[in-house]
Amino acid sequence: MAVRPVVLALSASGEDVAGRIAVVLGAEVHGRKGRVALADAFFDNALDHARDLFAAGVPVVGVCASGILIRAVAPLLADKRAEPPVISVSDDGRVVVPLLGGHRGANRLARAVTEALGGVAAVTTAGDVALGVALDEPPPGWRLANPGAAKGAMAALLAGGGARVVGERADWLAGLPEGDAVTVHCGIAPVILQGDDLHFSAQRVTLGVGCARGCAVDELDALVRAALEEAGVAEAAVQSVSTLDLKADEPAVIALAASLGVPLRLFTAAELEAEAGRLATPSDVVFAEVGCHGVSEGAALAQGGPDAALHLPKRKSVNATCALALAPEPLTNLRGRARGRLSVVGIGPGQGAWRTPEASRLIAEADELVGYGLYIDLLGPLAAGKPRADFPLGGEEDRCRYALERAGEGRNVALVCSGDAGIYAMGALVFELLDRAADAGGVSDAARRSEVVCAPGVSALQGAAARAGAPLGHDFCAISLSDLLTPREDILRRIRAAAEGDFVIAFYNPVSVKRRTLLAEARDVLLRHRPADTPVMLASNLGRPEEHLRYRRLDALEVDEVDMLTVVLVGSSQSRLAMLGEGARMYTPRGYARRIDGDLAGERG
């Protein structure tokens with residue numbers, strides 16, 4: 001989904017303006033807790049929240065002083081081509097300042113806000129001010145074929161030169177000064193460019209493709225490039241790659257869309273069959289195989305809409321087909337559906353500062369959130385306004401199955417896990433369901449064709465280790481003490497092996513209401529292999545306001561002070577507890593001191 005802007009209201013004096021802006025932009029209002037009465041979500045710290053939104057790629061409109069937003073996002077500034085818009089608005093709505101992202105929609109958002117509020121947009125982007133247009137941000141339905149030349153062309157125009165616009169009508173370029181400094185080509189055909197000349201393509205061409213299962217990426221790519229050349233169509237004029245939904249996971253099709261830099265769209269056989277009367281090369285063989293008389297031609301026409309016509313009928317290779325359709329006007333809307341995506345996201349122990357920007361971005365982009373309710377709640381305002389499906393503890397398989405099937409319907413779904421999703425969480429179960437046969441409890445074919453993305457998170461053992469100091473400085477392992485899915489004897493065997501190997505051990509799921517003995521057994525096994533004073537760290541509710549850390553000797557470890565929200569870190573025989581100025585810190589030597597002593601001894605010898 002396109003990420004919607006968020007409007008921040010920091011005080012009661014700007015609350016009304018924030019609400020009016022939200023209506024205009026179709027956005028959520030996030031309000032400062034205790035200072036704003038009405039909002040879709042509330043936050044405690046404005047700097048932290050604005051920074052989280054920015055890191056997630058969410059456009060931010062703050063009804064506040066510009067300095068607040070500048071201080072919030074400054075540490076994250078790196079690439080202006082990837083950063084979302086950031087706009088500040090005065091409390092009375094009279095001044096709107098696009099601070100960042102002028103060429104990524106900020107100026108456009110600022111003008112929309114000023115039109116609604118009757119204020120002034122303080123646009124400072126040179127092209128917008130002097131020329132009334134940003135040449136590197138064409139309007140929807142147009143694409144710049146050579147974006148690398150935009151900077152030079154803009155500089156030439158700002159230096160007093162003029163432009164000569166040739167080709168198709170492009171009203172949005174009508175305000176450019178006339179002259180011969182830059183030639184601006186507008187059209188769907190390829191153009192040989194010189195110097196700072198620009199080529200804008202109206203995206204009037206739709207590309208339909210089909211292929212046999214396992215078609216080579218190079219074969220489909222070569223077929224399409226040849227077809228574009230034959231038809232006299234520039235790559236930038238292609239609006240999308242469309243195909244039958246059964247090909248949603250075909251590597252050649254996915255790679256083609258990525259190579260062209262356009263969306264991949266999917267149609268059912270019934271939707272493609274509705275185009276049968278417009279096909280140039282209908283095929284009964286294709287109909288018998290997939291339920292429609294043509295895939296590539298049908299997909300191109302279905303995407304182009306009723307006013308489009310075939311521009312290049314089906315061309316084929318051994319394993320692939322493609323066709324082009326042409327619409328009379330630039331296409332600004334996508335038909336069909338996207339390939340579904342399931343993002344398996346680890347959000348860390350719960351503290352926003354420990355959530356990676358990638359995880360935040362995937363959550364912001366998601367159409368729907370799925371997970372244990374507490375974990376979704378920990379997202380705070382980032383989850384505001386999004387449909388969510390909460391599942392209880394114990395409903396893990398139902399949770400993963402639901403998320404996969406929703407992705408199979410074409411949705412962008414985020415499966416929210418605490419810690420790292422691949423460590424004692426939902427990642428493994430997602431892939432297990434995908435690997436199972438349908439009749440053995442697996443998921444539908446549509447779910448299997450969706451994209452699955454895994455985002456790393458800060459695991460509980462990493463969070464606990466960071467709080468302790470550096471207990472994982474040498475070899476370590478993690479063992480879950482839950483015997484719901486793992487036989488008890490297998491758990492004990494792993495504990496014995498870890499004890500004999502002298503690993504630092506992170507115990508997950510150490511106890512439950514009914515399971516109280518395994519941790520004590522683990523302690524007794526370990527005491528046979530390492531000293532009684534081996535340091536143990538108990539870390540509960542990591543990264544949350546109720547976080548509680550404490551140290552124990554191994555022989556003093558008591559089950560009753562541990563719960564399911566506690567990670568137990570047991571040191572190796574080499575681990576140490578150092579008493580420093582800020583308190584006790586636990587570490588496991590890496591062996592550097594011994595190596596350095598040996599090196600020095602060698603030098604002295």
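Would you call Val58 buried (at least 22 other Cβ atoms within 10 Å of the Cβ), part of a strand (DSSP E or B), in contact (Cβ under 8 Å) with a residue 12 or more places away in the chain and of a type in the set (Val, Ile, Thr)?
For Val58, the condition - buried (at least 22 other Cβ atoms within 10 Å of the Cβ), part of a strand (DSSP E or B), in contact (Cβ under 8 Å) with a residue 12 or more places away in the chain and of a type in the set (Val, Ile, Thr) - is not met.
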Next item on the list: Go through (1) closer than 29 Å to Ile347 by Cβ; (2) in a helix (DSSP H, G or I); (3) touching a Gly at 6+ places or on another chain (Cβ under 6 Å) one by one and return the number of the condition Pro84 breaks.
Entry: (2)
Notebook entry, point to check: Pick from Ser242, Ser259: which is surrounded by 22 or more Cβ atoms within 10 Å (Cβ to Cβ), within 29 Å of the chain's Cα centre (by Cα) and of a type outside the set (A, V, I, L, M, F, W, C)?
Noted result: Ser242
Item checked: Among the candidates Asp16, Asp79, residue that is under 20 Å from Arg361 (Cα atoms), out of contact with any Ser or Thr (no Cβ under 8 Å at 6 or more places or on another chain) and acidic (Asp, Glu) -> Asp79
Notebook entry, point to check: In the range 548-573, how many residues are over 23 Å from Gly501 (Cα atoms), part of a loop (DSSP other than H, G, I, E, B) and either of a type in the set (S, T, N, Q) or touching a residue at least 40 places away in the same chain (Cβ under 8 Å) (or both)?
Noted result: 3
Next item on the list: Filter the range 55-97 down to residues that are at pLDDT below 90 and either over 22 Å from Asn45 (Cβ atoms) or among the acidic types (Asp, Glu) (or both), then give me how many there are.
Entry: 6
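Go over the candidates Leu433, Leu429, Leu472 one by one and state the one that is in contact (Cβ under 8 Å) with a residue 60 or more places away in the chain and touching a helix residue (DSSP H, G or I) at 6+ places or on another chain (Cβ under 8 Å).
Working: Leu433 fails: in contact (Cβ under 8 Å) with a residue 60 or more places away in the chain; Leu429 fails: in contact (Cβ under 8 Å) with a residue 60 or more places away in the chain.
Unique residue meeting the criteria: Leu472.
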Note to self: Among the residues of the range 435-460, what is the count of those that are touching a Leu at 6+ places or on another chain (Cβ under 7 Å) and part of a helix (DSSP H, G or I)?
What the structure shows: 3
Check: If you take the residues of the range 519-547 that are assigned to a strand (DSSP E or B) and of a type outside the set (A, V, I, L, M), which of them is surrounded by the most Cβ atoms within 10 Å (Cβ to Cβ)?
Finding: Pro535
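Taking the stated definitions as given, is Arg35 basic (Lys, Arg), over 30 Å from Asp171 (Cα atoms) and part of a loop (DSSP other than H, G, I, E, B)?
Criteria met by Arg35.
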Next item on the list: Mind counting the residues in the range 316-362 that are crowded, with 23+ Cβ neighbours inside 10 Å, farther than 30 Å from Glu230 by Cα and β-branched (Val, Ile, Thr)?
Entry: 3
Item checked: Whichever residue in the range 326-358 is more than 18 Å from the chain's Cα centre (by Cα) and basic (Lys, Arg) and, among such residues, is nearest to Thr206 (Cα to Cα) -> Arg335
Checklist line | Residues satisfying the stated conditions in the range 286-303, i.e. within 16 Å of Thr206 (Cβ to Cβ) and either of a type in the set (Lys, Arg) or not in a loop (DSSP other than H, G, I, E, B) (or both) | finding: Ser296, Glu297, Gly298, Ala299, Ala300, Leu301, Ala302, Gln303
Note to self: Of the conditions (1) surrounded by 23 or more Cβ atoms within 10 Å (Cβ to Cβ); (2) in a strand (DSSP E or B), Ala50 satisfies every one except a single condition; which number is it?
What the structure shows: (2)
Checklist line | Thr183 on the phi < 0 side of the Ramachandran plot, modelled with pLDDT of 95 or more and surrounded by 15 or more Cβ atoms within 10 Å (Cβ to Cβ) | finding: no
Checklist line | Residues located in the range 159-171, provided they are more than 30 Å from Glu230 (Cβ to Cβ) and surrounded by 14 or more Cβ atoms within 10 Å (Cβ to Cβ) | finding: Gly161, Ala163
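The values are calculated or read from the model by the stated rules, or taken from the named source; none is laboratory data. As the structure is a computational prediction, the values presented were derived from the model and not from experiment. FYI the Cβ positions are ideal-geometry reconstructions off the backbone, even for glycines, and counts take in every protein chain you see.
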